[in-house]
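Report on one structure; see the data block that follows.
The values are calculated or read from the model by the stated rules, or taken from the named source; none is laboratory data. Keep in mind it's a predicted model, so treat the numbers as computed, not measured. All Cβ positions, glycine included, derive from the backbone under ideal geometry; neighbour counts span all protein chains shown. In case anyone asks, the SASA skips ligands and DNA or RNA and just uses the protein heavy atoms, side chains included. Shrake-Rupley method; radii C 1.70, N 1.55, O 1.52, S 1.80 Å.
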Amino acid sequence: MTEQLLKLTVQFFCPRWGQEHETYDAFCRKVKDAGYDGIEAPVPDDEREKEAMMNALSRYDLLLVGQYYQSFEKDFQQHIAAYEKHLRNLMEAKPVKIDSQTGKDYYSFDQNKALFDLAEKLSAEYGIPVAHETHRNKALFSAHNTQSILEQVPQLSITADFSHWCTVAESLLEDQADALALACRRAIHVHARVGHEEAPQVNDPRSPEWERQLNAHLRWWDAILEHHRERGASTMTVTPEFGPLPYMPAMPYTREPLASQWDINIHMMHLLKQRCR
């Protein structure tokens, strides 16, 4: 391995999703104790809540990946105005990068392209990269659609969350190798959640019945890591992003989760740390 390859540092971020019941201080203390490098979270609009978040990050020496998910407005002009407002709020918190669930699956290419262009403009203004997430019902909802967009927008960077694509295509994307290869080259952030052919989250990736699905995702994440090394990147960011209910399957009637979201995400972090050595 060359000296250049040895310089790559993989940073792991804990999702705020599923831990909103914790105060920022308690959450960040747990995250630090668990061995993460930072958190991935939306940034509150409320100034007092934002201050509590930023103070906790500073107190525990944690990094931030900002998260945009508020794709709620159907009307495009309202949508793009809200998008700019949310991105500016995130960027003012000085995250290392932003994960953005950009656009709508029913918007035209030109409309979604306008959102990508706005994100690129703000990224240049603030010096913070934006990774557009491969997420159901957003602009990058499927492998084939994303391939077309990436070919037409060569500067676009993505968050690789291929669990969504497995569900959309009802497959492990065996027949979409070209789309996956292109996506892996353009990924600057990873959501390490294991999906399967019928849902975006297996109940427990440690369970042997999901070995085939886990190994498929591991191969994709390995490819992203290798691309980072090949281009001499100094860091790669990963968020183990298994979610709470309703992503987490549960028992009927009691709604008891079948596994611990917190424990699974820590397991995924350790598993990927071992593969990154």
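Considering region 143-192, its Cα convex hull presents a mean projected area of 3.2 nm². Candidate cross-link partners of K104 among the aspartates and glutamates, defined by an alpha-carbon separation under 18 Å and a same-chain spacing of 8 or more, comprise E73, D75, E84, D117, E120, E133, D161. Where in region 167-183 does the amide nitrogen come within less than 12 Å of the point 7 Å from the Cα of R212, taken along Cα to Cβ? Flagged as within label range: 171-174.
With R₀ fixed at 25 Å, the C-beta to C-beta distance from D33 to R231 puts the FRET efficiency at about 0.15. Among the trypsin sites (Lys or Arg not before Pro) found in region 73-110, those both in a DSSP coil and sparsely packed, with 11 or fewer other Cβ atoms within 10 Å of their Cβ, are K74. Over the Cα atoms of region 185-277, the radius of gyration divided by the Kirkwood radius equals 1.01; this is the Rg/Rh ratio. Between E120 and T23, what is the FRET efficiency for a Förster distance of 45 Å, r being their Cβ-Cβ separation, to the nearest 0.05? That pair, E120 with T23, gives E of 0.80.
Region 5-51 and region 242-265 have Cα centres spaced 20 Å apart. Annotation for region 140-222: GluC sites (Glu not before Pro) lying in DSSP loop with at most 16 further Cβ atoms inside 10 Å of their Cβ are E170, E174, E197, E198. Could you give the longest part of the chain that holds none of the chymotrypsin sites (Phe, Trp or Tyr not before Pro) found in DSSP loops with at most 13 neighbouring Cβ atoms within 10 Å? Counting at most 13 other Cβ atoms within 10 Å as exposed, the longest clean stretch of the chain is 107-252.
Across 5 Å bins from the origin, how do the percents of Cα pairs in region 7-103 run, short distances first? Computed distribution, short to long bins: 2, 13, 23, 24, 17, 11, 6, 3, 1, 0.
Partner aspartates and glutamates whose Cα lies under 20 Å from the Cα of K30, excluding those fewer than 8 positions away in the same chain, are identified as E20, E22, E40, E49, E51, D61, E241, D263.
Taking all Cα pairs closer than 8 Å and separated by 6 or more residues, the relative contact order of the chain comes to 18 percent. Quarter the surface of the alpha carbon convex hull of the chain and you get the mean projected area, 15.1 square nanometres.
For A52 and R219, the FRET efficiency from 1/(1 + (r/R0)^6), where r spans their Cβ atoms and R0 equals 35 Å, is about 0.30.
Accessible area per residue for region 158-239 in Å², computed with a 1.4 Å probe and the full protein assembly in place, what is it? Walk me through the intermediate numbers first.
Details: 3010 Å² over 82 residues.
Counting only protein heavy atoms, the per-residue value for region 158-239 is 37 Å².
Quantify, in whole percent, the carbon and sulfur part of the accessible surface of region 1-76 (1.4 Å probe; protein heavy atoms only). C and S atoms contribute 47 percent here.
In region 136-277, a dipole from Cβ-located charges (positive for Lys and Arg, negative for Asp and Glu) runs towards its positive end, and of L140, H270, V202 it is H270 whose Cα lies farthest in that direction.
Between A181 and E198, the contour length at 0.36 nm per residue exceeds the alpha carbon distance by 3.9 nm. When Rg and the Kirkwood radius Rh are both evaluated on Cα atoms of region 128-219, their ratio Rg/Rh stands at 0.96.
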